[in-house]
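The values are calculated or read from the model by the stated rules, or taken from the named source; none is laboratory data. Please read these numbers as outputs of a predicted model, since none were measured by experiment. For neighbour counting, all protein chains shown are included, and Cβ atoms are generated from backbone atoms with ideal geometry for every residue, glycine included. Note: accessible area is taken over every heavy atom of the protein model, side chains too, but ligands, DNA and RNA are not part of it. Shrake-Rupley method; radii C 1.70, N 1.55, O 1.52, S 1.80 Å.
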2 protein chains.
Amino acid sequence: MDKNWQNEALEFARSANVSVLATTSKDKQVNARVMQNAQIDDDFTIWYVTDSPSNKAVEVSENPQACVVMSNYQIRKDVRCYGKISILGDQELRNKFWKDCYSAFFKGKEDPAYVLLKFVPDGIEYRDTTKYGHIAKKIK
Amino acid sequence: MDKNWQNEALEFARSANVSVLATTSKDKQVNARVMQNAQIDDDFTIWYVTDSPSNKAVEVSENPQACVVMSNYQIRKDVRCYGKISILGDQELRNKFWKDCYSAFFKGKEDPAYVLLKFVPDGIEYRDTTKYGHIAKKIK
(Lines give C-alpha, C1' and ligand atoms only; values in the text may rest on other atoms or scores of the structure.)
Protein backbone atom coordinates (compact mmCIF):
# COMPACT_ATOMS: atom_id res chain seq x y z
CA MET A 1 0.00 0.00 0.00
CA ASP A 2 1.35 3.46 -0.92
CA LYS A 3 1.95 5.01 2.51
CA ASN A 4 1.68 8.70 1.61
CA TRP A 5 -1.56 8.33 -0.30
CA GLN A 6 -2.84 5.94 2.31
CA ASN A 7 -2.35 8.53 5.03
CA GLU A 8 -4.08 11.26 3.01
CA ALA A 9 -6.97 8.94 2.17
CA LEU A 10 -7.25 7.80 5.77
CA GLU A 11 -7.29 11.35 7.08
CA PHE A 12 -10.04 12.25 4.61
CA ALA A 13 -12.06 9.08 5.34
CA ARG A 14 -11.95 9.66 9.08
CA SER A 15 -13.13 13.25 8.59
CA ALA A 16 -16.06 12.14 6.41
CA ASN A 17 -18.07 10.64 9.32
CA VAL A 18 -20.36 8.71 6.97
CA SER A 19 -20.08 6.28 4.04
CA VAL A 20 -22.33 5.09 1.29
CA LEU A 21 -22.31 1.30 1.66
CA ALA A 22 -23.41 -0.59 -1.46
CA THR A 23 -24.37 -4.27 -1.36
CA THR A 24 -26.27 -6.66 -3.61
CA SER A 25 -28.96 -9.14 -2.64
CA LYS A 26 -28.93 -12.70 -3.97
CA ASP A 27 -31.37 -11.68 -6.74
CA LYS A 28 -28.87 -9.02 -7.98
CA GLN A 29 -30.87 -6.12 -6.52
CA VAL A 30 -28.32 -3.42 -5.68
CA ASN A 31 -28.81 -1.34 -2.57
CA ALA A 32 -26.85 1.62 -1.21
CA ARG A 33 -27.38 3.57 1.98
CA VAL A 34 -25.69 6.24 4.10
CA MET A 35 -24.01 4.72 7.16
CA GLN A 36 -22.35 6.40 10.12
CA ASN A 37 -18.72 5.21 10.33
CA ALA A 38 -18.11 3.72 13.79
CA GLN A 39 -14.34 3.33 13.29
CA ILE A 40 -11.76 3.22 10.49
CA ASP A 41 -8.59 1.27 11.31
CA ASP A 42 -5.16 2.15 9.95
CA ASP A 43 -5.45 -0.67 7.37
CA PHE A 44 -8.80 0.79 6.21
CA THR A 45 -10.93 -1.85 7.88
CA ILE A 46 -14.24 -0.01 8.37
CA TRP A 47 -16.65 -0.73 11.23
CA TYR A 48 -20.34 0.07 11.34
CA VAL A 49 -23.07 -0.48 13.89
CA THR A 50 -26.37 -1.80 12.61
CA ASP A 51 -29.48 -3.66 13.66
CA SER A 52 -30.18 -7.30 12.92
CA PRO A 53 -32.32 -8.27 11.16
CA SER A 54 -32.20 -5.39 8.69
CA ASN A 55 -32.13 -5.35 4.90
CA LYS A 56 -28.41 -4.71 4.91
CA ALA A 57 -27.69 -7.52 7.39
CA VAL A 58 -29.67 -9.95 5.22
CA GLU A 59 -27.90 -8.79 2.05
CA VAL A 60 -24.46 -9.08 3.64
CA SER A 61 -25.20 -12.63 4.78
CA GLU A 62 -26.35 -13.52 1.24
CA ASN A 63 -23.48 -11.79 -0.57
CA PRO A 64 -20.55 -10.39 1.45
CA GLN A 65 -19.07 -8.43 -1.46
CA ALA A 66 -19.48 -4.67 -0.88
CA CYS A 67 -18.33 -1.28 -2.10
CA VAL A 68 -17.88 1.71 0.19
CA VAL A 69 -17.71 5.33 -1.00
CA MET A 70 -16.92 8.40 1.10
CA SER A 71 -17.10 11.72 -0.70
CA ASN A 72 -17.17 15.42 -0.06
CA TYR A 73 -18.12 17.53 -3.04
CA GLN A 74 -17.09 20.80 -1.35
CA ILE A 75 -13.44 19.73 -1.15
CA ARG A 76 -13.58 17.45 -4.22
CA LYS A 77 -12.27 14.32 -2.50
CA ASP A 78 -13.51 10.77 -2.48
CA VAL A 79 -12.41 7.32 -1.40
CA ARG A 80 -13.76 4.12 -2.93
CA CYS A 81 -13.12 0.73 -1.35
CA TYR A 82 -13.97 -2.76 -2.61
CA GLY A 83 -14.06 -5.68 -0.27
CA LYS A 84 -16.01 -8.05 1.88
CA ILE A 85 -18.24 -7.37 4.82
CA SER A 86 -19.21 -9.61 7.71
CA ILE A 87 -21.69 -9.41 10.60
CA LEU A 88 -20.19 -9.80 14.07
CA GLY A 89 -22.10 -10.10 17.28
CA ASP A 90 -19.60 -11.34 19.88
CA GLN A 91 -19.97 -9.60 23.20
CA GLU A 92 -16.36 -8.40 23.54
CA LEU A 93 -16.64 -6.42 20.30
CA ARG A 94 -20.09 -5.13 21.16
CA ASN A 95 -18.76 -3.85 24.50
CA LYS A 96 -15.78 -2.21 22.79
CA PHE A 97 -17.88 -0.30 20.24
CA TRP A 98 -20.81 0.63 22.48
CA LYS A 99 -21.70 4.32 22.83
CA ASP A 100 -24.39 5.68 25.12
CA CYS A 101 -26.15 7.36 22.20
CA TYR A 102 -26.93 3.88 20.79
CA SER A 103 -29.52 3.56 23.57
CA ALA A 104 -31.90 5.42 21.25
CA PHE A 105 -31.82 2.40 18.92
CA PHE A 106 -30.94 -0.63 21.12
CA LYS A 107 -31.92 -1.88 24.57
CA GLY A 108 -28.24 -2.06 25.55
CA LYS A 109 -24.91 -3.75 24.79
CA GLU A 110 -26.51 -7.18 25.06
CA ASP A 111 -29.50 -6.47 22.83
CA PRO A 112 -29.27 -9.21 20.14
CA ALA A 113 -30.34 -6.61 17.55
CA TYR A 114 -27.10 -4.64 18.19
CA VAL A 115 -24.47 -6.02 15.78
CA LEU A 116 -21.33 -4.81 14.03
CA LEU A 117 -20.50 -4.82 10.36
CA LYS A 118 -16.78 -5.24 9.56
CA PHE A 119 -15.68 -4.24 6.06
CA VAL A 120 -12.22 -5.41 4.97
CA PRO A 121 -11.02 -3.81 1.71
CA ASP A 122 -9.35 -5.72 -1.12
CA GLY A 123 -8.93 -2.50 -3.11
CA ILE A 124 -8.83 1.21 -2.26
CA GLU A 125 -8.92 4.22 -4.61
CA TYR A 126 -8.46 7.83 -3.51
CA ARG A 127 -9.20 10.97 -5.48
CA ASP A 128 -8.31 14.53 -4.53
CA THR A 129 -9.42 16.44 -7.61
CA THR A 130 -8.10 19.86 -6.67
CA LYS A 131 -4.65 18.48 -5.83
CA TYR A 132 -4.18 15.59 -8.26
CA GLY A 133 -6.89 15.87 -10.95
CA HIS A 134 -9.73 13.57 -11.92
CA ILE A 135 -7.85 10.29 -11.96
CA ALA A 136 -8.19 8.24 -8.79
CA LYS A 137 -5.00 6.89 -7.25
CA LYS A 138 -5.05 3.18 -6.47
CA ILE A 139 -3.58 2.81 -3.00
CA LYS A 140 -4.29 -0.88 -2.52
CA MET B 1 -45.82 11.15 -5.05
CA ASP B 2 -46.03 13.39 -1.92
CA LYS B 3 -45.59 16.85 -3.46
CA ASN B 4 -44.22 18.71 -0.43
CA TRP B 5 -41.60 16.10 0.35
CA GLN B 6 -40.83 15.71 -3.31
CA ASN B 7 -40.08 19.42 -3.63
CA GLU B 8 -37.82 19.40 -0.55
CA ALA B 9 -36.02 16.29 -1.81
CA LEU B 10 -35.66 17.75 -5.28
CA GLU B 11 -34.26 21.01 -3.97
CA PHE B 12 -31.72 19.09 -1.88
CA ALA B 13 -30.82 16.72 -4.74
CA ARG B 14 -30.22 19.57 -7.17
CA SER B 15 -27.98 21.31 -4.63
CA ALA B 16 -25.91 18.14 -4.08
CA ASN B 17 -24.17 18.32 -7.50
CA VAL B 18 -22.98 14.70 -7.28
CA SER B 19 -24.44 11.25 -6.61
CA VAL B 20 -23.11 7.90 -5.60
CA LEU B 21 -24.36 5.55 -8.31
CA ALA B 22 -24.39 1.86 -7.35
CA THR B 23 -24.72 -0.91 -9.93
CA THR B 24 -24.06 -4.63 -10.03
CA SER B 25 -22.28 -6.60 -12.71
CA LYS B 26 -23.67 -9.89 -14.01
CA ASP B 27 -21.40 -11.80 -11.61
CA LYS B 28 -22.99 -9.96 -8.62
CA GLN B 29 -19.97 -7.69 -8.10
CA VAL B 30 -21.30 -4.46 -6.65
CA ASN B 31 -19.75 -1.18 -7.70
CA ALA B 32 -20.40 2.38 -6.54
CA ARG B 33 -18.82 5.62 -7.75
CA VAL B 34 -19.21 9.36 -7.41
CA MET B 35 -20.89 10.87 -10.47
CA GLN B 36 -21.50 14.50 -11.41
CA ASN B 37 -25.26 15.05 -11.86
CA ALA B 38 -25.87 16.48 -15.35
CA GLN B 39 -29.58 17.17 -14.74
CA ILE B 40 -32.39 16.14 -12.38
CA ASP B 41 -35.89 16.42 -13.85
CA ASP B 42 -38.99 17.30 -11.81
CA ASP B 43 -40.01 13.61 -11.73
CA PHE B 44 -36.54 12.72 -10.35
CA THR B 45 -35.21 11.27 -13.58
CA ILE B 46 -31.45 11.73 -13.18
CA TRP B 47 -29.08 12.28 -16.11
CA TYR B 48 -25.35 11.63 -16.15
CA VAL B 49 -22.65 11.99 -18.77
CA THR B 50 -20.20 9.14 -19.09
CA ASP B 51 -17.79 7.50 -21.48
CA SER B 52 -18.46 4.31 -23.37
CA PRO B 53 -17.05 1.77 -22.97
CA SER B 54 -16.49 2.19 -19.23
CA ASN B 55 -17.04 -0.21 -16.34
CA LYS B 56 -20.29 1.49 -15.45
CA ALA B 57 -21.58 1.40 -19.03
CA VAL B 58 -20.82 -2.32 -19.23
CA GLU B 59 -22.49 -2.98 -15.86
CA VAL B 60 -25.60 -1.00 -16.81
CA SER B 61 -25.98 -2.94 -20.05
CA GLU B 62 -25.65 -6.22 -18.11
CA ASN B 63 -27.99 -5.25 -15.27
CA PRO B 64 -29.99 -1.98 -15.51
CA GLN B 65 -31.08 -2.03 -11.86
CA ALA B 66 -29.35 0.76 -9.91
CA CYS B 67 -29.44 2.68 -6.65
CA VAL B 68 -28.54 6.39 -6.39
CA VAL B 69 -27.64 8.15 -3.13
CA MET B 70 -27.05 11.86 -2.62
CA SER B 71 -26.01 12.91 0.86
CA ASN B 72 -24.62 15.84 2.76
CA TYR B 73 -23.40 15.04 6.25
CA GLN B 74 -23.04 18.72 7.22
CA ILE B 75 -26.78 19.36 6.85
CA ARG B 76 -27.82 15.74 7.66
CA LYS B 77 -29.88 15.16 4.53
CA ASP B 78 -29.92 12.31 2.05
CA VAL B 79 -31.96 11.02 -0.86
CA ARG B 80 -31.99 7.38 -1.95
CA CYS B 81 -33.51 6.31 -5.24
CA TYR B 82 -34.06 2.83 -6.66
CA GLY B 83 -34.67 2.31 -10.33
CA LYS B 84 -33.36 1.42 -13.74
CA ILE B 85 -30.67 3.03 -15.79
CA SER B 86 -30.15 3.05 -19.54
CA ILE B 87 -27.39 4.22 -21.88
CA LEU B 88 -28.47 6.71 -24.56
CA GLY B 89 -26.37 7.93 -27.44
CA ASP B 90 -28.78 9.61 -29.86
CA GLN B 91 -27.40 12.83 -31.27
CA GLU B 92 -30.30 15.08 -30.29
CA LEU B 93 -29.82 14.25 -26.61
CA ARG B 94 -26.05 14.52 -26.87
CA ASN B 95 -26.41 18.00 -28.38
CA LYS B 96 -28.85 19.03 -25.64
CA PHE B 97 -26.59 17.97 -22.78
CA TRP B 98 -23.25 19.06 -24.22
CA LYS B 99 -21.14 21.51 -22.21
CA ASP B 100 -17.88 23.04 -23.40
CA CYS B 101 -16.05 21.70 -20.35
CA TYR B 102 -16.67 18.14 -21.64
CA SER B 103 -14.01 18.84 -24.27
CA ALA B 104 -11.46 17.81 -21.63
CA PHE B 105 -12.87 14.27 -21.83
CA PHE B 106 -14.41 13.92 -25.32
CA LYS B 107 -13.47 14.95 -28.85
CA GLY B 108 -16.84 16.72 -29.23
CA LYS B 109 -20.62 16.18 -29.31
CA GLU B 110 -20.24 13.48 -31.95
CA ASP B 111 -17.51 11.52 -30.21
CA PRO B 112 -19.00 7.99 -29.92
CA ALA B 113 -17.46 7.72 -26.44
CA TYR B 114 -19.74 10.56 -25.22
CA VAL B 115 -22.96 8.94 -23.97
CA LEU B 116 -25.71 9.71 -21.46
CA LEU B 117 -26.98 7.60 -18.60
CA LYS B 118 -30.69 8.06 -17.79
CA PHE B 119 -31.83 6.85 -14.37
CA VAL B 120 -35.60 6.51 -13.86
CA PRO B 121 -36.61 5.91 -10.23
CA ASP B 122 -39.18 3.33 -9.11
CA GLY B 123 -38.74 4.38 -5.48
CA ILE B 124 -37.46 7.50 -3.70
CA GLU B 125 -36.70 8.02 -0.01
CA TYR B 126 -35.74 11.35 1.56
CA ARG B 127 -34.26 11.98 4.98
CA ASP B 128 -33.77 15.33 6.69
CA THR B 129 -32.48 14.27 10.10
CA THR B 130 -32.45 17.67 11.77
CA LYS B 131 -36.02 18.43 10.68
CA TYR B 132 -37.76 15.03 10.70
CA GLY B 133 -35.49 12.58 12.58
CA HIS B 134 -33.74 9.42 11.45
CA ILE B 135 -36.60 7.77 9.58
CA ALA B 136 -36.55 8.30 5.83
CA LYS B 137 -39.78 9.46 4.20
CA LYS B 138 -40.88 7.41 1.21
CA ILE B 139 -41.92 9.89 -1.44
CA LYS B 140 -42.46 7.43 -4.29
Handout entry: Inter-label distance, nm, simple model (7 Å from Cα along the C-beta direction), A:Lys96/B:Thr129
Key = 2.4
Problem - Backbone HN-Hα couplings from phi across region B:76-82 [Karplus 6.51/-1.76/1.60, Hz, Gly and Pro as x] - result: 6, 10, 8, 10, 10, 10, 10
Completion exercise
Projected onto their principal axes, the Cα atoms of chain B stretch, largest extent first, over whole-Å spans of 46, 36, 27
Problem - For region A:18-29, 3J(HN,Hα) per residue [Karplus equation, 6.51 cos²θ - 1.76 cosθ + 1.60, θ = phi - 60°, Hz, x = Gly/Pro] - result: 10, 10, 9, 9, 10, 9, 10, 6, 5, 8, 6, 7
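Treating only the Cβ of Lys, Arg, Asp and Glu as charged (+1, +1, -1, -1), what charge dipole size does region B:62-140 show about its Cα centre? Round to the nearest 20 debye.
Values: 15 positive and 10 negative charges, 94 e Å.
It works out to roughly 460 debye.
Show that you can apply the helix-only estimate: for the protein assembly as shown, add -39,500 (n - 2.57) for every DSSP H stretch of four or more residues, divide by all residues, and state [θ] at 222 nm to the nearest 500.
On the way: 8 runs with 66 residues, N = 280.
Taken over the protein assembly as shown, the calculation gives -6500 deg cm²/dmol.
Are there trypsin sites (Lys or Arg not before Pro) in region B:16-67 that DSSP puts in a loop and that have at most 13 other Cβ atoms within 10 Å, and which ones? Let's see the in-between values first.
Working: sites: B:Lys26, B:Lys28, B:Arg33, B:Lys56; in loops: B:Lys26, B:Lys28.
In loop regions of region B:16-67 (DSSP not H, G, I, E or B), the sparsely surrounded trypsin sites (Lys or Arg not before Pro) are B:Lys26.
Quantify, in whole percent, the carbon and sulfur part of the accessible surface of region B:1-56 (1.4 Å probe; protein heavy atoms only). Walk me through the numbers on the way to the answer.
Numbers: 990 of 2440 Å².
Carbon plus sulfur share of accessible area: 40 percent.
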Exercise for the section: Within region B:62-121, report the trypsin sites (Lys or Arg not before Pro) that DSSP leaves as loop and that have at most 12 other Cβ atoms within 10 Å. Expected result: B:Lys99, B:Lys107
Fill in the blank from the handout: Taking alpha-carbon centroids only, region B:9-24 lies from region A:81-137 a number of Å equal to 23
Completion exercise
Expected vector for region B:54-66, Karplus 3J(HN,Hα) from phi with 6.51, -1.76, 1.60 and θ = phi - 60°, integer Hz, x for Gly and Pro, equals 9, 3, 5, 5, 5, 4, 5, 6, 7, 8, x, 5, 8
Practice task
Would you list which lysines come within 22 Å of A:Lys131, measuring only between C-alpha atoms, while excluding same-chain residues fewer than 8 positions from it?
Solution key: A:Lys3, A:Lys77, A:Lys140
Practice task
Might you report the magnitude of the Cβ-based charge dipole of the protein assembly as shown about its Cα centre, with Lys and Arg at +1 and Asp and Glu at -1, to the nearest 20 debye?
Solution key: 220
Completion exercise
Ignoring ligands and nucleic acids, chains B and A bury, in total, an accessible area (1.4 Å probe) to the nearest 100 Å² of about 2400
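Please work out the average accessible area per residue across region B:91-140, using the 1.4 Å probe convention, and give it in Å². Could the numbers behind the result be given before it?
Working: 3090 Å² over 50 residues.
The answer is 62 Å² per residue.
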Practice task
Under 15 Å from the Cβ of A:Asp51, count the other residues' Cβ atoms, weight Lys and Arg +1, Asp and Glu -1, and hand me the total.
Solution key: +3
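What is the local net charge at A:Asn63, summed over the other residues whose Cβ is closer than 12 Å to its Cβ (Lys, Arg +1; Asp, Glu -1)?
Values: positive: A:Lys26, A:Lys28, A:Lys56, A:Lys84, B:Lys28; negative: A:Asp27, A:Glu59, A:Glu62, B:Asp27.
Residues close to A:Asn63 contribute a combined charge of +1.
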